[in-house]
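Quick note: the coordinates plus some simple rules give every number you see, no bench work behind them. From a predicted model like this one, the values you see are computed outputs, not experimental measurements. Neighbour counts run over all protein chains shown; Cβ positions are idealised from the backbone, glycine included.
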């Protein structure tokens, strides 16, 4: 699966997903936040930690989350409730772990992430931070209008 992160003017980005089980998807333009796109943080941390049942693995297997829309067929339904039920608990943990690590790495408060303790141990956090550093370097090298292609 290809995840295309498109850097847009005005601290915005969009995502295009190709080659997954199901229709190609697009996540329309949204704010980046204080560091890198949150969806890029998911890709970097999930890959670094070997999370194979998190957000991007669920997308690859055909699950579609709110905000995504089909690229070529606007009337085709994209939701996959059965798939989401299958990966729901793991996706929830992955979302919590990624959000916590991304917020801690970027100097934001972590107490609002639903856990007072880190959901990752020291080794996992070190790998997550290293992956986020690498993702930030790739993202920073892009000019507006350029794309970072992430192979999942």
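Extension gain, residue 92 to residue 111, is 5.1 nm, computed as 0.36 nm per intervening residue step minus the present C-alpha separation. Among 93, 139, the ranking by other beta carbons within 10 Å of each residue's beta carbon, starting with the fewest, stands as 93, 139. Mean separation of Cα pairs under 8 Å and 6 or more residues apart, divided by the residue count, gives the chain a relative contact order of 32 percent. What shape does the chain have by the C-alpha gyration tensor, where a ≥ b ≥ c are the square roots of the eigenvalues, rounded means a/c under 1.5, and otherwise prolate means a/b greater than b/c and oblate the rest? Oblate is the answer for the chain, as a/c is 1.5 or above yet b/c matches or exceeds a/b.
Under the simplified labelling scheme, the residue 141-residue 72 pair shows an inter-label distance of 3.1 nm, with each label point 7 Å from Cα along Cα→Cβ.
Site pair residue 16 and residue 149 shows an inter-label distance of 1.1 nm when each label is modelled 7 Å from Cα along Cα→Cβ.
Computed extension length for residue 24-residue 122: 31.6 nm, one decimal, from 0.36 nm per residue of separation with the Cα-Cα distance subtracted.
The alpha carbon centroids of the range 124-152 and the range 44-66 are separated by 16 Å. Each helix, a run of at least 4 DSSP H residues, gives -39500 (n - 2.57); summed and divided by the residues of the chain, these come to -13000 deg cm²/dmol at 222 nm.
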